[in-house]
Amino acid sequence: MREPGKDFQPRGTTAPPAVERMGLTWLITAAIATIVLWQVPGGDYILYPFSILATWFHEMGHGLMAVLLGGRFHQLQIFSNGSGVATYGISRSLWPIGPALVAAAGPMGPPLAGAGLILASRSFSVASLSLKILGGFLLVSTLLWVRSWFGLLAIPILGIIILGISLKAPQWMQGFAIQFLGVQACVSVYHQLNYLFSYSAGPLGLSDTGQMQKYLLLPYWFWGGLMAIASLVILFQSLRIAYRPES
């Protein structure tokens, strides 16, 4: 057993190697199961809380990238069917790179954030703080940007649950939770895989990859494939580092 105040480490001298491997095995299994379930009818509802969280990660990626590029993040809407839309504005001085980056940030922002969460698990104090930041940011985003009735209900509930884990759960649970949420963020690009390989988003206009084709010329399916592969590389590399033994 770990003593109170000790850092949580996925691999270390305080837990048997079999237990450590089982933790990593479950994380990879959860990632694969999540990806598969999201592709089958009804999968969104089997993974309903994580489908909503995946939508939040995706739309926040768009909005925050717009803010980083000097634009405005106007609002975020999340609906009970698991879909969502972010409304933002970008300075025309950044054309064409700015819109392409904002489009890419929807699918790719979450895997980068997820990698950060996974890497945070190497230290219990950092993992616990990261859970508090994530839970708090879910609540803050509700106040600043969420403007749909369902989102105003669901996003704070997710934030409160994550904050509760960071404040009340034992160290091992916090360590696993931060890794599991990081995995969910990394694979959120697969939430709607058909959308990733679609040029059109229907009434909303171009899809994210369609926007990238418009501004970066290469075809939408190239960008879709590149981001799908990149998200898996980011996931497995972050897990590899997180489970690397201390020297």
Practice item. Please report the relative contact order for segment 44-84, taking Cα pairs under 8 Å with a sequence separation of at least 6, and give it as a percent rounded to a whole number. Key: 45
Exercise for review: For the chain, build the charge dipole from Cβ charges (+1 Lys, Arg; -1 Asp, Glu) around the Cα centre, then report which of Leu134, Gly23, Leu217 sits farthest towards its positive end.
Suggested key: Leu134
**Study point:** Dipole magnitude (debye, nearest 20) for segment 34-174, charges at Cβ of Lys, Arg, Asp, Glu
**Key:** 280
Study note, to complete from the structure: When the charge dipole of the chain is computed with +1 at the Cβ of Lys and Arg and -1 at the Cβ of Asp and Glu, the Cα pointing farthest to the positive end, of Gln75, Gly61, Ile241, is that of Ile241
Check your understanding: Counting alpha carbon pairs within less than 8 Å and at least 6 residues apart, what relative contact order, in whole percent, applies to the chain?
Key -> 25
Point to revise | the chain, dipole about Cα centre (Lys/Arg Cβ +1, Asp/Glu Cβ -1), debye to the nearest 20 | key: 280
Check your understanding: For segment 62-118 and segment 191-247, what is the separation of their C-alpha centers, rounded to whole Å?
Key -> 13
Point to revise | Mean Cβ count within 10 Å, highest first, over the residues of peptides 33-43, 148-158, 98-108 | key: 98-108, 148-158, 33-43
Exercise for review: Would you tell me the accessible area of Ser80, worked out with a 1.4 angstrom probe on the heavy atoms of the protein chains, in Å² to the nearest 10?
Suggested key: 70
**Study point:** Loop trypsin sites (Lys or Arg not before Pro), segment 141-247 (other Cβ atoms within 10 Å of the site Cβ: 14 or fewer; DSSP)
**Key:** Arg147
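The values are calculated or read from the model by the stated rules, or taken from the named source; none is laboratory data. Since this is a predicted model, take the numbers as computed values, not measurements. Because the Cβ atoms are built from the backbone with ideal geometry, glycine has one as well, and the counts that use them run over all protein chains shown. Calculation scope for accessible area: heavy atoms of the full protein, side chains included, ligands and nucleic acids excluded. Shrake-Rupley method; radii C 1.70, N 1.55, O 1.52, S 1.80 Å.
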